[in-house]
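The values are calculated or read from the model by the stated rules, or taken from the named source; none is laboratory data. Nothing here was measured: the structure is a model prediction, and the numbers come from that model. Using ideal geometry, Cβ is built from the backbone for each residue, glycine included, and neighbour counts are taken over all protein chains shown.
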Amino acid sequence: MSDTATQSEKNAGGSVLASVHPGANIDAEAAHSYAIDPTAEARLVRKQDLRVLPMVFLMYFFTFLDRTNLGNAKVAGIEADLGLGTYGFNIGACLYYGIYFFADIPASLSVKKFGFIMLPISCIAFGIVTLCTAFIKNEASFFAIRLLLGLTESFQFPGLSYVVSRFYRRSEVTTRVSFFMLGAAGLASAFGGLLASGLLSLGTIGTVSSWRNIFLVEGRSFQDAYL
C-alpha cells in the first residue's frame with residue numbers, strides 16, 4: 001500500500017530529493033532531476049559570476065602578463081647581457097613550454113586532490129621566480145629559471161578551468177573559460193607592452209640593466225596582488 005502511495009506521489013509531480021555523497025564522483029545533474037526556480041538560479045549564477053570570475057580573470061591575467069615579459073626583455077638586451085645569442089634565447093623560451101606541457105596533467109590532478117589552495121601557492125611561486133629572473137647572470141641560470149617558471153605556471157590554466165567547472169553547469173563552463181582565457185590574455189598582451197615600455201624608458205639604473213626592471217616590478221607586483 002505504501003509503495004503504491006509513494007508511486008502515486010511521484011506520478012503526481014511530488015518533489016523527491018536524492019542525497020549525493022560529497023565524495024562520490026557522480027554527475028548529480030544527470031542522475032537526478034530537481035525543481036529549480038529559474039529566477040533564483042539566474043540570480044545565483046550572477047552572484048557567482050561576480051565572486052568567482054574576477055579572481056579567476058586576475059590570476060590568468062597575471063599568468064599571461066608574465067609570459068609576455070621575455071619578448072620585451074629581448075628588445076632591451078637580455079641576450080647580450082647573458083651571452084645567450086639567438087640560439088640560447090630560443091632554447092630558453094622552448095624550455096618553458098616543454099615543462100609546462102609535461103607538468104600540465106600532474107598539476108591539474110594536484111589541484112583536484114589538494115584543493116583550490118594550490119592556485120594561490122602557484123601564483124606566489126611564479127611571482128618569486130619572476131622576481132629572481134632579474135638577478136640571473138648567465139645562460140645556465142636563464143635555462144633554470146625558465147624551467148621553474150614553466151613548472152610553477154603549469155597549475156594555472158587547468159586549475160582555473162577546474163575551479164570554474166565546480167561552480168557552473170556544463171553548459172555554462174565554456175563561456176566562463178573563454179572569458180578568462182581570451183579576455184585576460186588579450187588584455188595582458190596589450191598592457192604588458194605598455195608597462196614594459198614605461199619601465200624600459202627608465203634606462204639603466206646604476207648597474208641594473210633596463211630589462212631587469214621588468215622582472216623586478218612585475219615579480220613584486222604579482223606577490224603583492226596575491227598576498
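May I ask you to say which residue of 107, 76, 93 is surrounded by fewer than 19 Cβ atoms within 10 Å (Cβ to Cβ) and either touching a residue at least 12 places away in the same chain (Cβ under 8 Å) or touching a Cys at 6+ places or on another chain (Cβ under 7 Å) (or both)?
Numbers: 107 fails: surrounded by fewer than 19 Cβ atoms within 10 Å (Cβ to Cβ); 76 fails: surrounded by fewer than 19 Cβ atoms within 10 Å (Cβ to Cβ).
That would be 93, the only listed residue that is surrounded by fewer than 19 Cβ atoms within 10 Å (Cβ to Cβ) and either touching a residue at least 12 places away in the same chain (Cβ under 8 Å) or touching a Cys at 6+ places or on another chain (Cβ under 7 Å) (or both).
Taking the criterion of being at pLDDT below 80, of a type in the set (Asp, Glu) and closer than 28 Å to residue 57 by Cβ, would at least one residue in the stretch 212-219 satisfy it?
no
Considering only residues that are buried (at least 17 other Cβ atoms within 10 Å of the Cβ) and among the hydroxyl-bearing types (Ser, Thr, Tyr), look in the stretch 135-161 and name the one that is farthest from residue 82 (Cα to Cα).
161
Going by the conditions given, is residue 186 modelled with pLDDT of 90 or more and within 30 Å of residue 73 (Cβ to Cβ)? Walk me through how you get there before you give the answer.
Numbers: modelled with pLDDT of 90 or more: no; within 30 Å of residue 73 (Cβ to Cβ): yes.
Taking the combined requirement at face value, the residue does not satisfy it.
Starting from residues that are part of a helix (DSSP H, G or I) and aliphatic (A, V, I, L, M), keep the ones in the stretch 80-100 and report whichever is nearest to the chain's Cα centre (by Cα).
In this case the residue turns out to be 99.
Pull up the stretch 161-181, narrow it to residues that are touching a residue at least 60 places away in the same chain (Cβ under 8 Å) and of a type in the set (Val, Ile, Thr), then point me to the one that is nearest to residue 110 (Cα to Cα).
163
Inspect all residues belonging to the stretch 40-47 and state whether any of them is surrounded by 13 or more Cβ atoms within 10 Å (Cβ to Cβ), touching a Phe, Trp or Tyr at 6+ places or on another chain (Cβ under 8 Å) and at pLDDT 85 or above.
Yes, because at least one residue in the stretch 40-47 is surrounded by 13 or more Cβ atoms within 10 Å (Cβ to Cβ), touching a Phe, Trp or Tyr at 6+ places or on another chain (Cβ under 8 Å) and at pLDDT 85 or above.
Looking at 116, 61, which one is under 14 Å from the mean Cα position of the chain (by Cα), in contact (Cβ under 8 Å) with a residue 12 or more places away in the chain and not in a helix (DSSP H, G or I)?
116
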